[in-house]
1. If I build a Gaussian network model for the chain, linking alpha-carbon pairs within less than 10 angstrom, which residue out of Ala324, Ala124, Ala37 has the largest mean-square fluctuation?
2. Which value, in Å² and to the nearest 10, is the accessible area of Ser189 when all protein chains are kept and the probe is 1.4 Å?
3. Alpha carbons only, please: Rg and Dmax for region 11-196, in angstrom.
4. Taking the Cβ of Leu61 as the centre, find all other residues whose Cβ is under 12 Å away and add up their charges (Lys, Arg: +1; Asp, Glu: -1).
5. Here are labelled values, (i) 80, 48, 44; (ii) 91, 37, 37; (iii) 82, 61, 54, and one is the computed Cα extents along the principal axes in Å for what I pasted. Which one?
6. Return a whole-number percent for the relative contact order of the chain, with Cα pairs under 8 Å and 6 or more residues apart as the contact set.
7. Give me the distance in nm between label points sitting 7 Å out from Cα along the Cα-to-Cβ direction at Asn152 and His205, one decimal.
8. Could you check what % of the DSSP bridge pairs in the chain are antiparallel, to the nearest 5?
Amino acid sequence: MGNSQSPPADPRFSSATRAFTQKDLEDLNSLFVSLAAQSKSNNAYISLSVFQAYFGLKSSLGERLFDLVTQQRKDNKLTFHDLVIAKSVYEKGTRDDIEEFIYQLLNVTGDGVVGRCDIESVLAAILRSIFSLEASNPRLNSHREIINVFLNAAKFSKVVEGAAEISMSFEDFRSWCALLPSIRKFLGSLLLPPNAGRLGSQVPHLVHGDNINPDLILLREEYAWHIGGALPHHELVEWKLLYHSAINGMSFNTFLGSTSNGEGPTILIIKDKDGYIYGGYASQPWERHGDFYGDLKSFLFQLYPKASIFKPTGANNNVQWCAANFSSESIPNGIGFGGRVNHFGLFLSASFDVGQTFTCTTFGSPCLSKTNRIFPEVIECWGIVQNEAQQEKLDAAKGTVLERFKEDRHMLNMVGLANSSE
């Protein structure tokens, strides 16, 4: 397999081939032969320009990836052995192997220091690739704001002797990826064939009525891509605006009415009077309960001034909250996520004019705003449009014993017989 001009046997290549099936190797060879032909190399190698064009990475990120795949020989020649060895590590290796490869990828200058400038360059390349923008496109100005939002979630703690700036350590990188799963997915799929389903590249189609000025909408495409990094592929097709305070008013009842028609997950987004933007993904419908409910698919997120996602830690099951028309202080009316009663990870009171956000063990999240007490300026909610198969599964779940148990649990809470949540 490969071509007659391949280099002598390399023990790394022999080891790498064992990570693939025979069919995988044949497919890789077919890809190599095709790209080598485009490189006009007599089937000996793939050139940088052809590599960048095929994988859709016409940037410093593409150059750095090519450099790593060619084992930094600097000869502008990617051989079949290079391709197999790189993919065996990058796609088939252990988690440590894969993340070490990605970490090296971030060092686009190749100077051994993963600095802020490197991360800026990588983020710019990612956004250009996903949103198909040329360097001259005026939308890049808004993308620079987004780059800063993602950068603000990064930590640079490694001091490198002789370097002009502090570097992102490997642990800093891992923490950053945990907060930004969309970036981790994208950087982990660069050697896969570029297509609409490429992991980390999906951007949901955002649907809203003509009765709202698009400039009033909080959920930008870039924010949707960020949130979508924590969701399965089938939930990244279409998101529909169900409620917006500029159209529907700051009304809890209207919110519940607007969101009750959909049976699928929803995305709640808040912009407060301090300018912070954040929210939560609710895997279950917003329905009246007297206690926490939901499952561990839900999560909290930040969008501005920094972007982060906080998934459940497993510390407790206090995931989702929706209470209406209760008269007890122990059951505050409103909607929320995580934490405990009156100390939520995120909460909006039924008046919709005040809320709270505290450090929360449910999601391992910090206070999402400038202060614990929040004053919403804009509230919007998006419904994730379900395909027919997903809708059938949701319909089948209605009326189960679990639902009846929940209602019994609520009644016990109201008379004070159930254990209180922590």
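1. Fluctuation is largest for Ala37.
2. 0
3. Reported Rg and Dmax, both Å: 17.0, 49.
4. Within the 12 Å Cβ shell, the charges total -1.
5. Correct label is (i).
6. Relative contact order for the chain comes out at 11 percent.
7. Output for this residue pair reads 3.2 nm.
8. Approximately 95 percent, going by the DSSP bridge assignments.
The values are calculated or read from the model by the stated rules, or taken from the named source; none is laboratory data. Just so we're clear, the structure is a prediction, and the values are computed from it rather than from any experiment. Using ideal geometry, Cβ is built from the backbone for each residue, glycine included, and neighbour counts are taken over all protein chains shown. Surface areas here come from the heavy atoms of the whole protein model, side chains and all, with no ligands, DNA or RNA. Shrake-Rupley method; radii C 1.70, N 1.55, O 1.52, S 1.80 Å.
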